[in-house]
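Values in this text are rule-based calculations from the coordinates and carry no lab data. The model shown is predicted, which means the values in this text are computed figures rather than measured ones. Cβ: placed from backbone, ideal geometry, glycine included. Neighbour counts: every protein chain shown.
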Amino acid sequence: MDLVKLANALIPDENVKPLSYYEEKYPERTLEKGAQVTRLAPSPTGFMHLGNLYVALANERIAHQNNGVFFLRIEDTDEKRKVEGAVEVIHSSLKYFGVAFDEGADLCGEYGPYYQRQRAEIYHAYAKELIMKGLAYPCFCGENELEEIRNYQTENKLLPGYYGEFAKCRNLTEEEIYENLKAGKPYVIRLKSQGDVEKKHAFHDEIKGDITVTENNQDVVILKSDGIPTYHFAHAIDDHFMRTTLVLRGEEWLSSLPIHIELFNALGFKLPKYAHNCSIQKIDGETRRKLSKRKDPEASLTFYREQGYLPEAVRTYMMTLLNSNFEEWLLKFPDKPLDEFKYSINKMGKSGALFDILKLNDISKTVMAKLTEKQAFDFFKAWAEEYGTDEQKGYFENEEYTLKALALCMGIGGKKRRKDFVCAKQATEMISYFYDDGFAPTYEYRFESAVVKKILEQFKSVYSYADDCSAWFEKVKQVASANGFATDMKAYKQNPENYPGNVSDVAEMLRIATTGLANTPDLWTIMQILGEERTLARLQTAIEKL
Ligand code: GLU
């Protein structure tokens with residue numbers, strides 16, 4: 001068969017450039033010793049999974065800690081999955097978590113275009129080359145024929161796919177091919193696999209270690225009928241010409257590795273290093289399963305922004321999942337910038353990391369406790385503007401007032417910083433009682449209404465805004481005593497049955513009346529922040545409700 005003629009008929013010369021053009025246009029990168037070129041290659045589906053951040057962080061760290069390059073390539077070959085604005089979502093969500101690319105889609109860079117749909121010419125040039133070498137061919141099989149093959153293979157318990165004797169179009173004669181072309185039959189271009197599934201090779205995966213890879217024997221599609229490449233073909237071409245040195249990607253691609261190895265070989269390209277990363281898992285009842293886009297809201301990166309997690313908290317937590325020695329480092333250097341941690345691919349888990357939101361929350365509390373009240377204010381305000389209710393937006397209009405509330409709730413100026421805040425949403429809910437719009441008490445007292453009412457009335461009549469903390473507490477004690485409540489805790493502990501309760505029960509009633517909550521930071525300070533008028537009004541309303 002005249003392969004040059006066939007290649008020209010399928011892909012005319014005027015549509016492509018000589019191969020040397022591409023090699024020159026995308027030269028080897030000049031890199032320092034040890035520097036790696038890594039990439040994130042998401043499909044623009046509009047959904048960013050926590051796994052995307054996980055892989056992005058690993059790639060970013062590996063590239064940046066050794067003066068390498070980290071770029072973004074958009075794998076938009078599947079038109080059906082494409083969503084408008086998705087690239088913006090990729091950039092903005094990763095930027096939020098502090099992951100920055102050096103080059104790539106919507107950024108500058110010498111190795112673009114970084115959208116696969118804009119790279120048709122280069123894929124065609126190499127598909128043509130493979131056809132000329134007899135390593136690729138047109139396949140005219142339609143859905144029906146492929147289904148017939150599939151059914152036969154299932155019935156006879158054979159390996160599925162288009163290979164060997166089932167690869168019908170492998171053996172079409174020249175005449176048959178041209179007849180089909182003349183008849184305008186749609187076709188795809190398939191790799192003419194030279195592999196043998198009986199042959200196995202040792203392979204070193206940077207995460208999984210030494211593994212065995214079986215040769216590919218599938219005549220996989222490399223160009224679809226619309227001329228768009230498949231992931232496999234585009235991956236080989238792009239990672240060669242973008243000069244990627246390490247492909248760190250999800251382990252769902254491990255099964256395709258034999259295809260990729262064959263494609264790189266057929267194209268005459270040097271194979272990059274590969275690292276297949278396990279998916280993030282979670283415990284669901286008795287089982288351990290993959291974090292699922294459908295079932296788990298926390299699988300989406302949007303979740304962390306909607307909840308208002310500090311980017312640094314999420315990043316810190318992700319690092320604990322990514323490198324087994326990170327936590328030890330963090331304990332030693334709690335205040336160092338995260339990027340000073342020496343990231344190592346060898347310390348990535350061979351089995352799936354377990355996602356635990358309670359641990360993330362713990363880390364978040366610690367990271368939150370490093371903020372000043374002003375930093376917390378700015379972060380919560382920005383969160384409220386984007387995700388908060390109208391009432392919550394209003395909390396941040398009076399900066400001076402809210403700073404005081406935050407300082408108290410964060411334990412700033414106290415003996416020890418409080419670690420109550422997890423994320424902006426929860427923190428904003430926690431401070432809501434400071435605002436008339438957010439104060440919605442249910443008044444759940446542990447004592448009889450008549451007792452509570454009397455105590456609230458008595459306290460209200462003696463309360464003075466001018467009292468300092470100890471004068472204020474004396475008054476609480478006075479009211480407690482007047483109602484038979486113990487003020488001497490030692491005496492109370494010895495004979496609790498002699499009292500209806502003690503002074504802290506009285507303080508709790510006042511707390512519920514003025515904040516709606518049984519537990520809050522220091523009540524005297526809360527009343528100072530609320531102000532005299534609001535404190536008295538709240539006491540009055542609480543009395544009226546009894
Ligand atoms: N487009 C593929 C994905 O979104 C990328 C796989 C890779 O990193 O090579 O899963």
Once you place label points 7 Å from the Cα toward the Cβ at Thr541 and Asp468, how far apart are they in nm? 3.2
DSSP-loop trypsin sites (Lys or Arg not before Pro) across the stretch 1-67, with at most 13 other Cβ within 10 angstrom: Lys33
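For the stretch 379-435, divide the Cα radius of gyration by the Kirkwood radius and give the resulting Rg/Rh value with two decimals.
Values: Rg = 11.0 Å, Rh = 11.5 Å.
Rounded to two decimals, Rg over Rh is 0.96.
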In bins 5 Å wide, starting from 0, what share of all Cα pairs of the stretch 250-315 does each bin hold, as a percent? 3, 13, 15, 14, 15, 12, 10, 10, 6, 2
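Leu517 to Ser255: FRET efficiency via 1/(1 + (r/R0)^6), r the Cβ-Cβ distance, R0 56 Å, to the nearest 0.05?
Values: r = 54 Å, r/R0 = 0.96.
Computed FRET efficiency for Leu517 and Ser255: 0.55.
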Trypsin sites (Lys or Arg not before Pro), restricted to the stretch 302-359: which are DSSP loop and have at most 14 other Cβ atoms within 10 Å? Lys342, Lys350
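So what is the orientation-averaged projected area of the stretch 140-197, using the convex hull of its C-alpha atoms, in nm²? Walk me through the numbers on the way to the answer.
Values: hull surface 17.8 nm².
Reported value for the Cα convex hull: 4.4 nm².
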Report the label-to-label distance for Asp335 and Arg417 in nanometres (one decimal), using points 7 Å from each Cα along the Cα→Cβ vector. 1.0
Using 7 Å Cα-to-Cβ label points, what is the Arg81/Gln153 separation (nm, one decimal)? 2.0
log10 I(q)/I(0) for the chain, Debye formula on C-alpha points only (no solvent), q = 0.06 Å⁻¹, two decimals, reads -0.47
Calculated from DSSP H runs of 4 or more alone, at -39500 (n - 2.57) each and per residue, what is the 222 nm mean residue ellipticity of the chain, nearest 500? -13500 deg cm²/dmol
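Say the cut-off is 31 Å between C-alpha atoms; which of Lys133/Lys347; Lys332/Lys490; Lys416/Lys490 go over it?
Too far apart for the 31 Å limit: Lys133/Lys347; Lys332/Lys490.
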Any chance you could check the Cα centroid distance between the stretch 151-183 and the stretch 492-546 for me, in angstrom? 82
Mind jotting down the distance between the C-alpha centroids of the stretch 84-137 and the stretch 262-283, whole Å? 17
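Calculate, in whole percent, how much of the Cα-Cα pair population of the stretch 145-280 lies beyond 17 Å.
Values: 6088 of 9180 pairs.
Looking at the stretch 145-280, the distances longer than 17 Å represent 66 percent of pairs.
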For the chain: relative contact order, % (alpha-carbon pairs under 8 angstrom, 6 or more apart): 11
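Taking the inverse of the average 1/r across all pairs of different Cα atoms in the stretch 338-466, what Kirkwood radius in Å do you get? Write down the numbers at each step before the final one.
Numbers: mean 1/r = 0.0555 Å⁻¹.
So the Kirkwood estimate lands at 18.0 Å.
What's the long-distance tail for the stretch 67-201, i.e. % of Cα pairs beyond 18 Å?
Values: 6386 of 9045 pairs.
When every Cα pair of the stretch 67-201 is considered, 71 percent fall beyond 18 Å.
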Relative to the first principal axis of the alpha-carbon coordinates of the chain, what is the inclination of helix 231-241, with its axis defined by its Cα atoms, in degrees from 0 to 90 and to the nearest 10? 90
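Taking the stretch 37-76, how much of its Cα-Cα pair set, in percent, is spaced more than 11 angstrom apart? Don't skip to the end; give the middle numbers.
Details: 478 of 780 pairs.
Value for the stretch 37-76: 61 percent of Cα pairs lie more than 11 Å apart.
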Pull out the extension gain between Gln118 and Asp2, defined as 0.36 nm times the separation in residues minus the alpha carbon to alpha carbon distance; nm, one decimal. 38.7 nm
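Would you work out the Kirkwood radius for the stretch 263-379? I mean one over the mean of 1/r across all pairs of different Cα atoms, in Å.
Values: mean 1/r = 0.0603 Å⁻¹.
When all Cα pairs of the stretch 263-379 are included, the Kirkwood radius is 16.6 Å.
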Centroid-to-centroid separation of the stretch 420-489 and the stretch 339-382 [C-alpha atoms, Å]: 35
Using DSSP to call loops (not H, G, I, E or B), can you name the GluC sites (Glu not before Pro) in the stretch 19-98 whose Cβ has at most 11 other Cβ atoms within 10 angstrom? Glu28, Glu32, Glu84
Which log10 I(q)/I(0) values does the stretch 324-391 give at q = 0.12, 0.14, 0.15, 0.25 Å⁻¹ under the Debye formula, counting every alpha carbon as one identical point scatterer? -0.51, -0.66, -0.73, -1.20
